[in-house]
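Undergrad: Structure below; questions to follow.
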Amino acid sequence: MFYFLIWVRSHRYHGLKPLTYSFNKRLQIGSVVKVEMQKSIVLGFVSSITIKPKFNTKEIIEALDIPPLPNHLIKLAEWLIEYYPAPLGIITQNLLPENIITKNLLIDNKKQAIPKTKDLLRLNNDQKNAVEAMSNRNNYILHGITGSGKTRVYIELALREIELNRSVFILTPEISLTTQLFNSFQKVFGSRVLVTHSKQTPKERRQVWLKCLFSKEPLIIIGPRSALFMPVNNIGLIVLDEAHETSYKQEQAPQYITSRVAAKLASLANSSLILGSATPLVTDYYLSKAKNRPIIELKSLATLNNHPRNNIKIVDKKDHAQFSRSINFSQELLSAISDTLAKKEQVLLYLNRRGTARLVMCDNCGWQALCPRCDIPLTYHGDKHQIRCHSCNYHLVAPSSCPVCKNVNVVFKSSGTKAIVEEIKQFFPKNSILRFDTDNIQGENIEQKYDDIVNGKVDIIVGTQMIAKGLDLPKLGLVGIILADTSMYLPDFSSEERTFQLISQVLGRIGRGHRPGFAVIQTYHPDQPILKYAINGDYEAFYNSEIKRRQQFLFPPFCYLLKVTFRRSSIKSAEQAANRLKEDLVGKYKVNVEGPAPAFHERFQDKFQWQLVIKALSRNELIKIISILPGNLSYDIDPMDLL
């Protein structure tokens, strides 16, 4: 009898160590097995061989007749449970599908066709230089302006890896972007391109997983962050496209940041990692500079044209004459929409949905209430008529007049995409309008409507940040940003970075070489530096400004963060629980504990949420704290924001 340590795939197993099982045959490391756990049959894999324990063990029910998991994937799981502590049973769910059916299993392993390169556009000088600069195995930032042809660079690098018999991961922040990437890669690499994501059926995902496991040919895997755990051998390249996107942060356990996991996987597999973005994350950019890692730039458009520079008009929301017909649409924007539709071109209307939180501002001068300690927006709480910081809990009575101009019109602002659609229909009733946000029902998602959008069958596209990410829309003539300041109103340290990214990305949908681009930006702060940086595409100026602010107020990359959230039936009990933990931590660990303060969503499912924000110069201090946290709270290590 042989004994093995097994990682079991079950959300009911909350331990941090693999379980011991026996079997009458010696199994390879990585072998996929079926075992009994808590009277259920679950999948698992062999992580190591061990000696006979002093306790009785259950026997492995079946060792599946499939290849073992790649060794780098097992090492990645072992690292993951240490770096992003979470139950072993949950982490294993990332590595194994829900079920594996081996009966009548047919895996086509025929030799793949040679990549078709004759229709590929020639690389321009920027792209050639970028490809040459990334010839060695390393971690790179590919900092390319929108429309600079980053995808073409990815394809060229993938060609090189396929020739070396090595596979490639192309990750995308949203499922909606997989269609566009798949089309681009499939034209070149044919059937070796596989797509995996959560909207596929369990059978479809299982088939992709098995193809990856059995394949003796190099593959191109396209998908969101979960694709990183596909059992692919001999990895040569990992690409995170639109690497700045917050969607790369896993919100459920294990709460990993994809770029960090990808960097570890690249190290284990001796492959290259590319973080591609027009607006790299401040933290990534800072660390690359600090570690002297290459930052490759693409500064010219991939599609050469004689079009003039984008025509961008800024409309001051405080100019009431501009909004005589609508509170959401200025005369300038309505006129631009009408002209664009008359030319049979598309219109994109963008509104950042996450900015629906009530905020305090002056309708006359644009003043906004900010926390003097954290420099983030204060949020209005109607039950106590207070404005409050959701990071450090600084609060005061809501002002009845503007402290700057003394105007009594201090207002609360909110907005939503559905209201925008209803209003634009009244102005343009004969045109086709589609809305894209997280409320879209099945069949109306952007990936299902992608062909209609690209072919110009949709006149007006209304949506949130999902329409700002990476889409190439050849018929798009106008971008209208309903309220550019929205994400700056969010009470968070990352709000200015998010604002710069979103405006830059939305403006990047035009001026890509297809046709002249026009944009109308509506804002309460036309002189806001962040807005100017985005319009001018001046990442360096934004970065230099933001990194100073992060250092001043001690936010990443100058510290590590742990957010701890308490959910209780009353405000008092939530606050008391947070205070008790704070007393236990202060003085015992080398950390700075801020709060307690109400969470951004203070009430959720009839529970009140309060949080502590814990800052540390050493991440190990936060791991120590996680190990002693009670079970009746939730935590997030390395959060992208504190909302």
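The values are calculated or read from the model by the stated rules, or taken from the named source; none is laboratory data. Only a predicted model underlies this, so the values are computations on that prediction, with no experimental measurement involved. Every residue, glycine among them, receives a Cβ derived from its backbone with ideal geometry; neighbour counts consider all protein chains shown.
Undergrad: Assess whether R206 counts as being modelled with pLDDT under 95, among the charged types (D, E, K, R) and touching an Asp or Glu at 6+ places or on another chain (Cβ under 7 Å).
TA: Working: modelled with pLDDT under 95: yes; among the charged types (D, E, K, R): yes; touching an Asp or Glu at 6+ places or on another chain (Cβ under 7 Å): no.
Here the answer is no, as R206 does not meet what is asked.
Undergrad: Of I101, I114, I145, which residue is crowded, with 19+ Cβ neighbours inside 10 Å and either among the β-branched types (V, I, T) or at pLDDT below 95 (or both)? Show your work before the answer.
TA: Values: I101 fails: crowded, with 19+ Cβ neighbours inside 10 Å; I114 fails: crowded, with 19+ Cβ neighbours inside 10 Å.
Going through I101, I114, I145 in turn, the sole match is I145.
Undergrad: Residues S135, S176: which one is within 24 Å of M230 (Cβ to Cβ), polar (S, T, N, Q) and in the same structural domain as A278 (by TED's automatic domain parsing)? Even if it seems obvious, please write down each step before you answer.
TA: Working: S135 fails: within 24 Å of M230 (Cβ to Cβ).
Step by step, each of S135, S176 is checked, and only S176 is within 24 Å of M230 (Cβ to Cβ), polar (S, T, N, Q) and in the same structural domain as A278 (by TED's automatic domain parsing).
Undergrad: On to the next question. Is there a residue being polar (S, T, N, Q), part of a loop (DSSP other than H, G, I, E, B) and touching a Pro at 6+ places or on another chain (Cβ under 7 Å) anywhere in segment 45-55?
TA: Quick first cut of segment 45-55, residues polar (S, T, N, Q) only: 47-48, 50.
Still in the running and part of a loop (DSSP other than H, G, I, E, B): none.
Checked segment 45-55: no residue is polar (S, T, N, Q), part of a loop (DSSP other than H, G, I, E, B) and touching a Pro at 6+ places or on another chain (Cβ under 7 Å).
Undergrad: Is it the case that A269 is within 25 Å of P85 (Cβ to Cβ), in contact (Cβ under 8 Å) with a residue 12 or more places away in the chain and buried (at least 20 other Cβ atoms within 10 Å of the Cβ)?
TA: Working: within 25 Å of P85 (Cβ to Cβ): yes; in contact (Cβ under 8 Å) with a residue 12 or more places away in the chain: yes; buried (at least 20 other Cβ atoms within 10 Å of the Cβ): yes.
Yes.
Undergrad: May I pose another question? Any idea which residue in segment 19-44 is surrounded by the fewest Cβ atoms within 10 Å (Cβ to Cβ), counting only those that are assigned to a loop (DSSP other than H, G, I, E, B) and over 35 Å from the mean Cα position of the chain (by Cα)?
TA: Of all residues in segment 19-44, those assigned to a loop (DSSP other than H, G, I, E, B) come to 24-31, 38-39.
The next check asks that each one be over 35 Å from the mean Cα position of the chain (by Cα); those that pass are 24-28, 38-39.
Working: N24: 8, K25: 9, R26: 9, L27: 19, Q28: 11, Q38: 9, K39: 5.
Across segment 19-44, the extreme among qualifying residues is K39.
Undergrad: Do we have F566 as in contact with a helix residue (DSSP H, G or I) (Cβ under 8 Å, 6 or more places away or on another chain) and in the same structural domain as L612 (by TED's automatic domain parsing) here? Don't jump to the end; show me each part of the working.
TA: Working: in contact with a helix residue (DSSP H, G or I) (Cβ under 8 Å, 6 or more places away or on another chain): yes; in the same structural domain as L612 (by TED's automatic domain parsing): yes.
Yes: the conditions hold for F566.
Undergrad: V591 is checked against (1) β-branched (V, I, T); (2) buried (at least 19 other Cβ atoms within 10 Å of the Cβ); (3) closer than 29 Å to G147 by Cα and fails just one. What number does that condition carry?
TA: The failed condition is (3).
Undergrad: Testing N328 on (1) crowded, with 17+ Cβ neighbours inside 10 Å; (2) free of Cβ contacts under 8 Å to residues at least 24 places away in the same chain; (3) not in a helix (DSSP H, G or I), one condition comes back false. Which one is that?
TA: (2)
Undergrad: Might you check whether a residue that is farther than 25 Å from S494 by Cα, among the polar types (S, T, N, Q) and either in a helix (DSSP H, G or I) or at pLDDT below 95 (or both) occurs anywhere in segment 550-572? If you could, list the steps in order and put the result at the bottom.
TA: The first filter runs over segment 550-572 and keeps only residues farther than 25 Å from S494 by Cα, leaving 568-572.
This time we only want the ones that are among the polar types (S, T, N, Q), so: 569-570.
Restricting the remaining residues to those that are either in a helix (DSSP H, G or I) or at pLDDT below 95 (or both) gives 569-570.
Within segment 550-572, one or more residues are farther than 25 Å from S494 by Cα, among the polar types (S, T, N, Q) and either in a helix (DSSP H, G or I) or at pLDDT below 95 (or both).
Undergrad: Residues in segment 516-536: is at least one free of Cβ contacts under 8 Å to residues at least 24 places away in the same chain, acidic (D, E) and assigned to a helix (DSSP H, G or I)?
TA: Start the filter on segment 516-536 by keeping residues that are free of Cβ contacts under 8 Å to residues at least 24 places away in the same chain, which leaves 527, 529, 532, 536.
Filter once more, so that each one left must be acidic (D, E): 527.
Checking which are assigned to a helix (DSSP H, G or I) leaves us with none.
No - not one qualifying residue is present in segment 516-536.
Undergrad: Yes or no: segment 293-300 includes at least one residue that is within 17 Å of the chain's Cα centre (by Cα) and touching a residue at least 60 places away in the same chain (Cβ under 8 Å). First the steps, then the outcome.
TA: Residues of segment 293-300 within 17 Å of the chain's Cα centre (by Cα): none.
Within segment 293-300 (the criterion being within 17 Å of the chain's Cα centre (by Cα) and touching a residue at least 60 places away in the same chain (Cβ under 8 Å)), the answer is no, since none of the residues qualifies.
Undergrad: Separate question: Looking at segment 337-361 only, could you name the residues that are modelled with pLDDT of 85 or more and either buried (at least 17 other Cβ atoms within 10 Å of the Cβ) or assigned to a loop (DSSP other than H, G, I, E, B) (or both)? Write out each step before concluding.
TA: Taking segment 337-361 and keeping what is modelled with pLDDT of 85 or more, we get 337-350.
Residues satisfying the conditions are I337, T340, L341, K343, K344, E345, Q346, V347, L348, L349, Y350.
Undergrad: Let me ask you something else. Tell me, which helices (runs of 4 or more DSSP H) lie completely within segment 192-298 with 3 or more residues that are charged (D, E, K, R)?
TA: Numbers: elements: 202-214, 258-269, 282-290.
Helices (runs of 4 or more DSSP H) meeting the threshold: 202-214.
Undergrad: Could you give me the residue pairs with C-beta distances under 8 Å whose first residue belongs to segment 162-189 and is without any contact (Cβ under 8 Å) to a residue 40 or more places away in the chain, whose second residue is of a type in the set (S, T, Y) and surrounded by fewer than 23 Cβ atoms within 10 Å (Cβ to Cβ) wherever it lies, and which are 6+ apart or on separate chains?
TA: S184/T151
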